[in-house]
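The values are calculated or read from the model by the stated rules, or taken from the named source; none is laboratory data. Bear in mind that the values here come from a model prediction, so they are computed numbers and not experimental data. Methodologically, a virtual Cβ is constructed for each residue, glycine included, from the backbone with ideal geometry; neighbour enumeration extends over all protein chains shown. Accessible surface areas use protein heavy atoms only, side chains included; no ligands, DNA or RNA. Shrake-Rupley method; radii C 1.70, N 1.55, O 1.52, S 1.80 Å.
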Protein chains: 2
Amino acid sequence: MTQTVEPSTSTDPQQRVDRWLTDFEEALTAADADRASRLFASTSFWRDLISFSWNITTVEDPAGVRDLLEHTLASTAPTSFATSESPTEADGVTTAWITFETATGRGNGLLRLVEEDGKARAWTLLTALYELKGHEEPRGTHRPMGTRHGAFKDRTTWKEQRQQEAETLGSTTQPYVLVIGGGQGGIALGARLRQLGVPALVVDKHPRPGDQWRSRYKSLCLHDPVWYDHLPYLKYPDNWPVFAPKDKIADWLESYVTVMEVPYWSSTVATSASWSDETGEWTVEVEREGTPLTLRPKQLVFATGMSGKPRMPDLPGLDVFRGDVHHSSAHPGPDAYAGKRAVVIGSNNSAFDICGALWEHDADVTMVQRSSTHIVRSDTLMDIGLGDLYSERALAAGVTTEKADMIFASLPYRILHTFQIPAYEAMAERDKDFYERLEKAGFRHDWGDDGSGLFMKYLRRGSGYYIDVGAAELVCSGEVKLAQGQVDHLTEDAVVLEDGTSLPADVVVFATGYNSMNGWVADLIDQETADRLGKCWGLGSDTTKDPGPWEGEQRNMWKPTQVDNLWMHGGNLHQSRHYSLYLALQLKARLEGIPTPVYALQEVHHTG
Amino acid sequence: MTQTVEPSTSTDPQQRVDRWLTDFEEALTAADADRASRLFASTSFWRDLISFSWNITTVEDPAGVRDLLEHTLASTAPTSFATSESPTEADGVTTAWITFETATGRGNGLLRLVEEDGKARAWTLLTALYELKGHEEPRGTHRPMGTRHGAFKDRTTWKEQRQQEAETLGSTTQPYVLVIGGGQGGIALGARLRQLGVPALVVDKHPRPGDQWRSRYKSLCLHDPVWYDHLPYLKYPDNWPVFAPKDKIADWLESYVTVMEVPYWSSTVATSASWSDETGEWTVEVEREGTPLTLRPKQLVFATGMSGKPRMPDLPGLDVFRGDVHHSSAHPGPDAYAGKRAVVIGSNNSAFDICGALWEHDADVTMVQRSSTHIVRSDTLMDIGLGDLYSERALAAGVTTEKADMIFASLPYRILHTFQIPAYEAMAERDKDFYERLEKAGFRHDWGDDGSGLFMKYLRRGSGYYIDVGAAELVCSGEVKLAQGQVDHLTEDAVVLEDGTSLPADVVVFATGYNSMNGWVADLIDQETADRLGKCWGLGSDTTKDPGPWEGEQRNMWKPTQVDNLWMHGGNLHQSRHYSLYLALQLKARLEGIPTPVYALQEVHHTG
């Protein structure tokens, strides 16, 4: 009789994962990086969110794994790998939610195993730190009492404590972290820092939290759906609209600052900042409600909007044009323009939103398309693009926001486009008629350099797309006129394109996008520091507006940069929610003097 | 061979419950009230929250069940009884979560079966309406879109809609429901009415939502724990303190009003109200920020605090006393009284809180105990009294706030004290030393007329207890002096008791409680209406301050009263959360013209 060798995949998913985790932990305990690396498939990805690397980084293939471990194993001392629920298996991939510990903290993650050479090997591994030992957040069973039972002569009330903190912060006490910018990014980070007991301050130029949204054009609603948009700690109630109107989000943010006790100064403008090696702190000049003040934080975070500074072309004739002219970020909305001729330069989200609202208010609207744009219909995107992770359907299937964030984070950027392409092919098929109408109207449409669609465009360049909520049909039908080409100059009453086309205009809106976030750094600190920091955002995908080399992660976002004690935070609500955790933990570790040796600090290949 | 008859209890809990529900539904479908009533144990309780009775009512024993069904079955047309999760069995009681439908709505409930005469019979049944068919709340999968995809010439933004509503409400449009009082009760009800699309308005005299809490003495923290205190729709984040400080709750309420879009007028005082049979509406005179205005709602809700109007004894010498004198509800806190002699009349929650804070601020404090008081220590109460329903432990065991509310509501008031007595016996045992110290200090302590403790005192009379958060020890140790007896009069600088004891005082605080809520009705409408409405609160338990006859439910709360279109709403945060649902559904049904025949409208036995 011949013996049958049972291949590993004949075991059940739980056994398979348990065996892999045991092998992995044994190799790590033995400090055998090579042996550990052989547990990964020949093509594999390990993404670490600050649990091994004190960085946000992805290594590839056994060689990358070996390198990561050789540099991080001694200080990380990982143990206690275990599954947190039963693994599942589908299409040859075994997926497991895991937990583990390190010398300094506790982590969770997601592991995907495939079979290679008759053995279960890791195809993707996500490891993420979620708390520091001894610095657990006061939540749930560890929530504060709120009062001190007993009778004490030195009792102060919650209100007195809040007042005292407000009076001393920035004068007799200094924030350890200063966050410049109090939009969703700054607010989410501020809430996490408060929870972690990190003395922090968020400053923002607007009079009230939420004004970043209130001040935008009046028809603006979120283009991302509610399930994708939660902030940390406090979820929207389940009556929250799918696409929240800007003023409703603004009110939420304002309430959130109060409820989460985010230390927040409104009407505060930062005017300059400089780092001193001598004192080991930043000197930041601010004006709070017009009064100058010097702040001396140890850590400086820019949360000024991942889109960076408005990009306003310096065109001939801007000074000659007699009508209204402004960047889309300063567009007041359509009310004043009924019966007027509006020319909107650009064909991305803001351009379409603004064109739609102007048309609805009886303006005569022309859109100037300068380059090809990707459009996907909102309903289709919600269903095919996000539905498995962020929807009522996902919630019903047990995919909470927190799980969805981790699943999302576990898909390696290197191959993310390969998952995206089929989804966008399906969208193209579903909305075939729509795209035919668009093309017929002369609109130049694309699906990204490699057909990977909207989300990759967002990650690579943060521009080049419109989530259609209705205005695309106005272009199809000619209700919004379409012009093609680059703007050459403005006259007293018209926009003139390079081909000589003259577009009569009473108002011109430049929906021409934004420059890299490090422009804010140049303004506040200096150009040298901005250059040393380098370009922010993008993956180095070597596609349009995202030059190579490959970076592996979003440039400079939420992680250590080439400028010590300077951090960049931002992104949409999803990113502000999820990545603020890792940025907050990095800052907390530094406050507490916990060693944070950074593996693979990113190099700078582009200055802006 | 003899045949063995299998008793019903040998089946598994699911089969047992399914069989009971099938029998019950068959009897109901056959309109056979008698047959249905025989499915109930000889001692049994059916509590209905507006699903059969359009009332909040409990019937007892088969006779009560038969009466309820004979009066309600035709209009209710109940069907589709089913379990919503697997029933459980313990100590001879089978417990099942159920759902059902009626002609007009959907209900849920809790059923407890016991064996009697060899058959499973209902011991307790709770039935509760949770939504009206065709009027389901826009939540979850039915949440609003927030925007209207497409291009529309008549589009208005969310903000414009809110502004238009604010401008017209009370002038060109009238609220269907006017809620007087914007504390937690009015706010919770306002949120539910908004969700149900009932045109409503909440008015409150204070400048800002939450001021009802802000204006209280500064040391005040909730005596109920966070798990018990959630509002509808939006739960506190899990970093919320166990016992929230008053100013933090105030900020939450203010944010909640914004986030839930509760139609709310601050700085608005209602000065008079009258009902017209002719027009079928109330005429309510209000002053909004000083400007008189007439409102004409169809339904009037008092949410002015279940404790009613402050009870301030009319004592000789009040006009002679030269120091500060005020009711506990107007006590400013201890800051001004360091080194002063304070006499606090009363020995309940407010009295102890105020004594404690005054002592902490170095006042010389005397408490005057007029009658016996029940004290239970906060930690003990949380653990033994509430822990199974409202705690992290309960949450971990799957007892959500919503489930806890239903379990709580399912315990019949008639026998609730029998469940409570053993719990308080356990508390007495645990804190034996503490009670000995109290007694030794001369404090008169009780456990309620029948030893059933705090919660029964709350339901029966809303007074007579202190949840000890530390001040009791000050009485034990003599740091807060204790005097016994009734106050006879005040002199220029002292409180004189009936036995002649003179207590020198610079400040006198009357922590002397509150009168029945219908005092507000007398003030705003007239005494005749207040008398017709009758006493509010209490069960008719024939115990101290809760005269019989037995009412079966809290008098006049959240349900139809003898005064048409007049409703009383209130209670602690738990009751404001849970019972606002049933009050809101009753109001919605009336708005929509859905028939609401009221079974067993309560009679009035006491006028106040």
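Okay, here's what the table says:
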quantity: Qualifying residue in segment B:110-128 (condition: crowded, with 17+ Cβ neighbours inside 10 Å, of a type in the set (S, T, N, Q) and either assigned to a loop (DSSP other than H, G, I, E, B) or over 26 Å from the mean Cα position of the chain (by Cα) (or both)); calculated: no
quantity: Some residue of segment B:277-293 being polar (S, T, N, Q), at pLDDT 95 or above and more than 29 Å from residue B:207 (Cα to Cα); calculated: yes
quantity: Index of the failed condition, residue A:207 passing every other in (1) more than 14 Å from every other protein chain (Cβ to nearest Cβ); (2) touching a residue at least 12 places away in the same chain (Cβ under 8 Å); (3) in a helix (DSSP H, G or I); calculated: (3)
quantity: Boolean, residue A:195 is surrounded by 19 or more Cβ atoms within 10 Å (Cβ to Cβ) and at pLDDT below 95; calculated: no
quantity: Residue among A:341, A:296, A:322, A:311 that is under 23 Å from the mean Cα position of the chain (by Cα) and either more than 11 Å from chain B (Cβ to nearest Cβ) or not hydroxyl-bearing (Ser, Thr, Tyr) (or both); calculated: A:311
quantity: Of all residues making up segment A:562-587, the number that are under 20 Å from residue A:279 (Cα atoms) and not hydrophobic (A, V, I, L, M, F, W, C); calculated: 3
quantity: Residue in segment B:555-564 that is modelled with pLDDT under 95 and in a loop (DSSP other than H, G, I, E, B) present; calculated: no
quantity: Any chance residue A:190 is at negative phi, part of a loop (DSSP other than H, G, I, E, B), away from chain B (no Cβ under 13 Å) and surrounded by 23 or more Cβ atoms within 10 Å (Cβ to Cβ); calculated: no
quantity: Evaluation of residue A:269 against (1) open to solvent by 10 Å² or more (accessible area, probe 1.4 Å); (2) touching a helix residue (DSSP H, G or I) at 6+ places or on another chain (Cβ under 7 Å) (one fails), failing number; calculated: (2)
quantity: Residue identified as in a helix (DSSP H, G or I) and open to solvent by 50 Å² or more (accessible area, probe 1.4 Å) among B:479, B:473; calculated: B:473
quantity: Sole exception among (1) open to solvent by 20 Å² or more (accessible area, probe 1.4 Å); (2) away from chain A (no Cβ under 14 Å) for residue B:328, by number; calculated: (1)
quantity: Residue list for segment A:365-388, restricted to those being away from chain B (no Cβ under 12 Å), open to solvent by 30 Å² or more (accessible area, probe 1.4 Å) and touching a residue at least 60 places away in the same chain (Cβ under 8 Å); calculated: A:370, A:371, A:372, A:385
quantity: Segment B:20-71, residues that are of a type in the set (S, T, N, Q) and in a helix (DSSP H, G or I); calculated: B:22, B:29, B:37
quantity: Considering residues of segment A:138-160 that are more than 7 Å from chain B (Cβ to nearest Cβ) and open to solvent by less than 80 Å² (accessible area, probe 1.4 Å) only, the residue farthest from residue B:215 (Cα to Cα); calculated: A:156
quantity: Those residues of segment B:437-496 which are modelled with pLDDT under 95 and of a type in the set (S, T, N, Q), in sequence order; calculated: B:463
quantity: Residues that are exposed (fewer than 14 other Cβ atoms within 10 Å of the Cβ) and among the charged types (D, E, K, R), drawn from segment B:403-444; calculated: B:429, B:432, B:433, B:436, B:439, B:440
quantity: Odd one out for residue B:176, checked against (1) surrounded by fewer than 17 Cβ atoms within 10 Å (Cβ to Cβ); (2) of a type in the set (Ser, Thr, Tyr); (3) modelled with pLDDT of 95 or more; (4) more than 30 Å from residue B:26 (Cβ to Cβ); calculated: (1)
quantity: Matching option when the condition is open to solvent by 10 Å² or more (accessible area, probe 1.4 Å), closer than 30 Å to residue B:151 by Cβ, more than 16 Å from the chain's Cα centre (by Cα) and not hydroxyl-bearing (Ser, Thr, Tyr), among A:506, A:542; calculated: A:506
quantity: Selection within segment B:467-500 - touching a Lys or Arg at 6+ places or on another chain (Cβ under 7 Å) and within 14 Å of chain A (Cβ to nearest Cβ); calculated: B:468, B:476
quantity: Residue that is at positive phi, open to solvent by less than 40 Å² (accessible area, probe 1.4 Å), in contact with a helix residue (DSSP H, G or I) (Cβ under 7 Å, 6 or more places away or on another chain) and assigned to a loop (DSSP other than H, G, I, E, B), where the choices are A:462, A:451; calculated: A:451
quantity: Answer residue from segment A:216-266, given it is more than 20 Å from residue B:194 (Cβ to Cβ), of a type in the set (S, T, N, Q) and within 7 Å of chain B (Cβ to nearest Cβ) and is least open to solvent (accessible area, probe 1.4 Å) among those; calculated: A:219
quantity: Unique residue being out of contact with any strand residue (DSSP E or B) (no Cβ under 9 Å at 6 or more places or on another chain), closer than 29 Å to residue A:488 by Cα and not basic (Lys, Arg) when the list is A:357, A:426, A:397, A:404; calculated: A:357
quantity: Check on residue A:357, buried (at least 21 other Cβ atoms within 10 Å of the Cβ), assigned to a helix (DSSP H, G or I) and out of contact with any Leu (no Cβ under 8 Å at 6 or more places or on another chain); calculated: yes
quantity: Elements of type helices (runs of 4 or more DSSP H) in segment B:390-440, at least 2 residues being over 22 Å from residue B:112 (Cβ atoms); calculated: B:392-396, B:413-430, B:432-440
quantity: The one condition in (1) open to solvent by 10 Å² or more (accessible area, probe 1.4 Å); (2) in a loop (DSSP other than H, G, I, E, B); (3) in contact (Cβ under 8 Å) with a residue 60 or more places away in the chain that residue A:274 fails to fulfil; calculated: (2)
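Residue-by-condition table, conditions (1) free of Cβ contacts under 8 Å to residues at least 60 places away in the same chain; (2) not acidic (Asp, Glu):
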position	(1), (2)
A:238	yes, no
A:253	no, yes
A:264	no, yes
A:316	no, yes
A:326	no, yes
A:330	yes, yes
A:334	no, yes
A:345	no, yes
A:348	no, yes
